[in-house]
Amino acid sequence: MEATVSSGQMLIGLAVGIILLLILAMKTRIHVFVALIISSLVTGLIGGLPFADVISSITKGFGSTLGSTGIIIGLGVMMGAILERSGAAEQMAFSIIKLIGKAKEEWALALTGYVVAIPVFADSGLVILTPLAKSLSRMTGKSVIGLGLAMATGLQLAHVFIPPTPGPLAVAGILEIDMGMMIVWGLVMTLPVLIMSTLYSKWLGKKIYQIPTEDGTDFIRTDFKQEYIKSIENMEQIYKDKNLPGAGLSFAPILIPLLLILGNTTVDFLKMEG
């Protein structure tokens, strides 16, 4: 005999589960995966499901989600390591700076974070790009606060909205949404936010002026003055000496899968119209 569960009881269970997950993840030393399992159990039990059904729901949900995203997650982790160790992420930032012009490092880092987070977890991207933000702060005299916030916002926007990042990829699979349309609408929703957040980052960088020390282990905070800002005249030579991979090779692992996904969506759309 199936149990009858009210929608109000399920909503209460969901709210309690989310609050419990946040508390366990932020206030305790419990691993996030274990916290997620505990919160799922509590959500199901408060929602009115029998214990056996809760366990079955968790295992089936985990299995189906992992089945659709497990390979992508594994490849994303590998991609993050490749971008970091090969210098491709740094080359992408340098290429974007060259494209949009000097003295626009906040925009360059925001766009770099936005692109890097498409195949890579945002936290991995943060580890990869943070040394770059510190280096640019020292070279340009711009506040690392503004540079870092612009970079982090770009990372988070792509991480949350644009497949094949695992989160939106899982959403697309669960809701059976075409991945190409998910990418298109993700771009539409996030690009205006990226622009506004970067403008705010530039403003905040002047309000909280802080640059790293030469050894990168500490920060110097002082009042902002326009004369602190300097152009990187020898930027091309600096990056040339690092022997980074070419711009084409650096962007290819990200752009090629996106073009293939969008191409598949376009073909399906044309078939449907035909």
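Hull surface divided by four, with the convex hull built on the Cα atoms of the range 83-231: how many nm²?
So the mean shadow area of the Cα hull is 9.0 nm².
Round to the nearest 10 and report in Å² the accessible area of Lys242, as given by a 1.4 Å probe over the protein chains' heavy atoms.
90 Å²
How large, in Å, is the range 94-147 by the Kirkwood hydrodynamic radius built from its alpha-carbon pairs?
In the range 94-147 this quantity evaluates to 11.3 Å.
Sort the following peptides by mean Cβ neighbour count (other Cβ atoms within 10 Å, averaged over residues), highest first: 168-174, 158-164. Provide the component values of the computation, followed by the final result.
Working: 168-174: 17.7, 158-164: 22.9.
Top to bottom by mean Cβ count within 10 Å: 158-164, 168-174.
Shape of the range 1-61 from its Cα gyration tensor (a ≥ b ≥ c, root eigenvalues): rounded if a/c is under 1.5, otherwise prolate when a/b > b/c, or oblate? Please report the intermediate quantities before stating the final value.
Details: a/c = 3.43, a/b = 1.64, b/c = 2.10.
In terms of gyration-tensor shape, oblate.
The values are calculated or read from the model by the stated rules, or taken from the named source; none is laboratory data. Not measured: the values here are computed from a predicted model. Cβ atoms come from the backbone with ideal geometry, glycine included; neighbour counts cover every protein chain shown. Protein only, heavy atoms only, side chains kept; ligands, DNA and RNA dropped before computing areas. Shrake-Rupley method; radii C 1.70, N 1.55, O 1.52, S 1.80 Å.
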